[in-house]
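Below is one structure, written out as structure tokens; comments come after it.
The values are calculated or read from the model by the stated rules, or taken from the named source; none is laboratory data. These numbers were taken from a predicted model, which means no experiment stands behind them. Cβ atoms come from the backbone with ideal geometry, glycine included; neighbour counts cover every protein chain shown.
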Amino acid sequence: MARKKAKSRRSRRRRAHASFGQKLLVGLSGVILILCAASITYGVFVRRSADGPDAGQFRIEVLNGTGHSGLAHAAQRGLLRRGVDVIEVGNAPHFDYRESVLIARKPGADVETLARLLGCRNTVVQLREGRLEDATLILGADYRELRLDWGMETDLLD
């Protein structure tokens with residue numbers, strides 16, 4: 001009889017330990033879920049509303065038309081801070097662009113809004129079927145005038 005009571009006590013302890021572990025796991029899962037929800041909320045509402053109402057709607061390609069090494073990547077970082085989705089970075093066909101230009105690639109893309117947001121004076125419509133990007137930004141010699149939130153990239157501006 002004493003043996004059955006000892007086994008009974010041990011099994012209750014195991015259930016208590018298992019129950020504690022399960023409760024801990026559920027609690028941690030809940031905290032992680034709340035943190036994920038807060039992160040998504042911040043990304044959708046706070047960051048985009050601070051950068052402008054339409055910044056996050058655009059997917060663009062950034063091309064360096066100046067020949068200054070690393071300029072397109074610096075612009076990419078500035079655009080990402082503004083909430084613009086940069087899907088490709090590279091060099092323009094040539095490096096003698098005097099002015100930056102924003103080229104609409106998809107019908108219905110409101111590049112005028114993006115141009116105002118960035119301070120780009122030149123916009124062109126040049127539609128391409130099957131492209132992922134809504135627009136292409138070619139950086140010209142006037143790239144310093146663009147509102148790209150250059151941040152730490154000030155050495156490129158010299």
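Taking the criterion of being not charged (D, E, K, R) and not in a loop (DSSP other than H, G, I, E, B), the residues of segment 56-74 that qualify are Gly56, Gln57, Ile60, Val62, Leu63, Asn64, Leu71, Ala72, His73, Ala74.
Restricted to segment 104-121, and to residues there that are small (Gly, Ala, Ser) and at pLDDT below 90, the residue that is nearest to Thr136 (Cα to Cα) is Ala109. Please verify whether Val111 is surrounded by 14 or more Cβ atoms within 10 Å (Cβ to Cβ) and either touching a residue at least 40 places away in the same chain (Cβ under 8 Å) or of a type in the set (Val, Ile, Thr) (or both), treating the condition exactly as stated. It is true that Val111 is surrounded by 14 or more Cβ atoms within 10 Å (Cβ to Cβ) and either touching a residue at least 40 places away in the same chain (Cβ under 8 Å) or of a type in the set (Val, Ile, Thr) (or both).
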